[in-house]
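What follows is a single structure, written as structure tokens, with notes after it.
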Amino acid sequence: MTTPLLEVKDLHVSVDGTEILHGVNLSVAAGEVHAIMGTNGSGKSTLTKVIAGHPDYEITKGDVLYKGKSIIEDEPEDRARAGIFLAFQYPVEVPGVSNMYFLRSALNAQRKSRGEEELSGAQFIELVKEKAKLVDIDQGLLNRSVNEGFSGGEKKRNEIFQLAMLAPTLAILDETDSGLDIDALKTVADGVNSMRATERAFLLVTHYQRLLNYIQPDQVHVLLGGRIVKSGGKDLALQLEEKGYAWLEEEAATA
Amino acid sequence: MTTTTNNRFAHTYTLLRKALPDEPAWVSELRDEAFENFRALGLPTVKHEEWRWTNLKRIADTDFVPAEPAEVSEEQLAPYLIEGADEIRLVFVNGHFAAGLSKSPALPDGLVIQPISRVLGSDEGLQVKLGRFAEPTPPFVALNTALFTDGAYIRAGNSLPVEAPIHILYVSTDSDQPAMSSPRTLVLAGESSELRVVESFIGLGVKPRFVNSVTEIVAKGNANVRHVKLLRETDGTSHVSWNELNVERDANVVSHSINLDAGLARNDVHAVLAAEGANCTLNGLVLGRDSQHFDNHIVVDHVRPHGTSNQLYRAVVDDKSRSVFAGKVIVRQGADGTDAQQQNNNLLLSDDAKVDTKPQLEIYTDDVKCSHGATSGQLDPEAIFFLRCRGLDETHARNLLTYAFANDVIEHIRIDPVRIALEKIMTERFAGLLGE
């Protein structure tokens, strides 16, 4: 059996002394797309931030393995350089830093750490043109400060654009589909679908089943109260759409 | 205390008068009058409201002798020159004109650029203009008027567009005893004229030094003046400056005060929008480190209707440095249709850095649009995390955000070579950034 790309083992996580994740187990193989669904406050965002290395979250027990190695002591930038990408639920505005400058810095920092040549200005522009077309992002936005004054949809599109530019091995999308109109949603889905590859995995965290009409997941997990209470195929998402989460909460309570 | 201090400057004054060359009687009278004025006013202390956050002990407790001329080489000056803004330059070393370092190509008719010392006796009208704009009551203005040795005199005739920047460099070198110099700048922009003036205050020495400068800028009707003051002193230097801007009908003055280095610096900007439709933009940046102390006091006085004023002051303070901002907007009775905006943002990079901010509005009429705001804080941790998640290391992320914060002021500078030079300086200061 090959090593999974991502393995979360009995993960317990606290913020300010309150435990939010109570032993999460998850295994994602390269080439797969997994969806994590759950109610508000179930710990979905916490899980994504812990994998990315947010300093405010404390791991009290368990481990996160990436390509078979524990990453929980690694800095966020080291994880990014190793190929882990988190698309933020609420993309951060960075006034005064242009998208282009930021992306070039990020891309070259990642390339440098992998021992690859930094991209020249011209090579970078070529790549930008190619990827901007892919995610249908307005070129005007690229020259503006990162996310500053962007609409909700533009911010999410920008996250997908960064995803396309940085081409990570493990892409985690934290509610990237929330609050999007159908056009923006399709753009996000098209972006993800076009990037599916045998060496790459996706972890889609979502509140709504709708996204999964456009992206076919290999597995769906339900996270409730800080635990994964059910895993299944695409049908599980349809079941949730139909029946809501209450039956799973009851099941979890009686288990 | 006050008596001792004033006696100390009395000694400086006596020494200076002895050292000065012959000058017209009206200048000597102006000096005597100003010194009497200073003697009566005394040095401000923290008990004065306008000085409560800036302690002048390091000036009050030191015996300063008038700074003497010194040799400075082109090589020493080179790091402070600005490519593209040095075709016309006036260099003063320790308050004395350095002809060898200055450059003044053929100037168009109607443009006068001279050391003040050379025009005091001429018919340039200085007798009327010198010291007539800056109010004589601030103690340091009085002290400068008594003690000034030289400085730049710039006058553009009516309708003359001077697009080449004029760079004035006030250089200080080390001396055996603590020395002081008093640079004096007078800029007169005639009706519908255009001027771009850059003042650099440069410290080449490390010993205690006091620089007390006064700059007066007069923009006649419809004139446009872009002004940048660059502070690049060393930590031994106490720098006090008074910047008087007199803006007449439909004229525009844009002045940037960029504080890169000084042990202690206090800048007063006093802008009078003296006629209808006068406009000014007063922006400033402080980049404090070590134990540096910067204090920027701004007063914008809207005297007549339909004036606009904009202020954006930002400070980045690291280590144990400190930044003070006090900005007052006065809208006089009858100054209807005034639009005045003021913004002060402070970024604290260390636990020991300190910021004080005091925005003030005094409005005596109804029909005005005024806003002001002040913020103080640290770098946004979520923004740092976001950048790190994209692969930038923490130092790079912090530097990028700091650069961006400061650049918000720099990017408004519309003397291109100066803006480009400052971007380079900031890139070096906040190391780890990609060169573009």
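Observations, loosely collected:
- Evaluation of residue A:136 against (1) surrounded by 12 or more Cβ atoms within 10 Å (Cβ to Cβ); (2) on the phi < 0 side of the Ramachandran plot; (3) away from chain B (no Cβ under 13 Å) (one fails), failing number: (2)
- Qualifying positions in region B:317-350 - of a type in the set (Ser, Thr, Tyr) and surrounded by fewer than 20 Cβ atoms within 10 Å (Cβ to Cβ): B:350
- In region A:143-164, residue nearest to residue A:202 (Cα to Cα) [restricted to those that are among the aliphatic types (A, V, I, L, M) and within 12 Å of chain B (Cβ to nearest Cβ)]: A:163
- Some residue of region B:310-329 being in contact (Cβ under 8 Å) with a residue 24 or more places away in the chain, assigned to a strand (DSSP E or B) and over 20 Å from the mean Cα position of the chain (by Cα): no
- Residue A:215 being under 15 Å from the mean Cα position of the chain (by Cα), part of a loop (DSSP other than H, G, I, E, B) and among the hydrophobic types (A, V, I, L, M, F, W, C): yes
- Count of residues meeting criterion [within 8 Å of chain A (Cβ to nearest Cβ) and part of a loop (DSSP other than H, G, I, E, B)] in region B:356-383: 1
- The single condition from (1) part of a strand (DSSP E or B); (2) under 19 Å from residue A:103 (Cα atoms); (3) free of Cβ contacts under 8 Å to residues at least 60 places away in the same chain that residue A:231 fails is (2).
Conditions tested, residue by residue: (1) touching a helix residue (DSSP H, G or I) at 6+ places or on another chain (Cβ under 7 Å); (2) within 21 Å of residue B:130 (Cα to Cα); (3) part of a loop (DSSP other than H, G, I, E, B).
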position	(1), (2), (3)
B:23	no, yes, yes
B:28	no, yes, no
B:36	no, yes, no
B:45	yes, no, yes
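- Among the candidates A:95, A:55, A:76, the residue that is in contact with a strand residue (DSSP E or B) (Cβ under 8 Å, 6 or more places away or on another chain) and within 8 Å of another protein chain (Cβ to nearest Cβ) is uniquely A:95.
- Selection of region B:175-199 for residues being among the polar types (S, T, N, Q) and buried (at least 24 other Cβ atoms within 10 Å of the Cβ) yields B:181, B:182, B:185, B:193.
- For residue A:33, the test of being in contact with a Phe, Trp or Tyr (Cβ under 6 Å, 6 or more places away or on another chain) and within 14 Å of chain B (Cβ to nearest Cβ) is failed.
- Yes/no for residue A:104 being more than 8 Å from chain B (Cβ to nearest Cβ) and basic (Lys, Arg): no
- With respect to (1) at pLDDT below 95; (2) touching a Gly at 6+ places or on another chain (Cβ under 9 Å); (3) part of a loop (DSSP other than H, G, I, E, B), the lone exception for residue A:134 is condition (3).
- Check on residue A:185, part of a helix (DSSP H, G or I) and either under 16 Å from residue A:163 (Cβ atoms) or more than 17 Å from the chain's Cα centre (by Cα) (or both): yes
- Selected residue [touching a His at 6+ places or on another chain (Cβ under 8 Å), among the acidic types (Asp, Glu) and closer than 18 Å to residue A:32 by Cβ] from A:235, A:218: A:218
- Of B:97, B:64, all but one fail to be in the same structural domain as residue B:165 (by TED's automatic domain parsing), touching a residue at least 40 places away in the same chain (Cβ under 8 Å), of a type in the set (Phe, Trp, Tyr) and within 16 Å of residue B:154 (Cα to Cα); the exception is B:97.
- Test: residue in region A:56-68 that is over 24 Å from residue A:252 (Cα atoms), touching a helix residue (DSSP H, G or I) at 6+ places or on another chain (Cβ under 7 Å) and free of Cβ contacts under 8 Å to residues at least 40 places away in the same chain: no
This table checks each residue for (1) at the interface with another protein chain (Cβ under 7 Å from one of its Cβ atoms); (2) closer than 24 Å to residue A:52 by Cβ; (3) assigned to a helix (DSSP H, G or I).
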site	(1), (2), (3)
B:385	yes, yes, yes
B:388	yes, yes, yes
B:392	yes, yes, no
B:399	no, yes, yes
B:409	no, no, yes
B:417	no, no, yes
B:422	no, no, yes
B:427	no, no, yes
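- Any hit, region A:93-103, residues being under 17 Å from the mean Cα position of the chain (by Cα) and part of a strand (DSSP E or B): no
- Residue, farthest from residue B:393 (Cα to Cα), within region A:81-92, restricted to residues that are within 7 Å of another protein chain (Cβ to nearest Cβ) and under 12 Å from the mean Cα position of the chain (by Cα): A:88
The values are calculated or read from the model by the stated rules, or taken from the named source; none is laboratory data. Because the structure is a prediction, the values reported are computed rather than measured. Here Cβ is always computed from backbone atoms with ideal geometry, including for glycine, and neighbour counts include all displayed protein chains.
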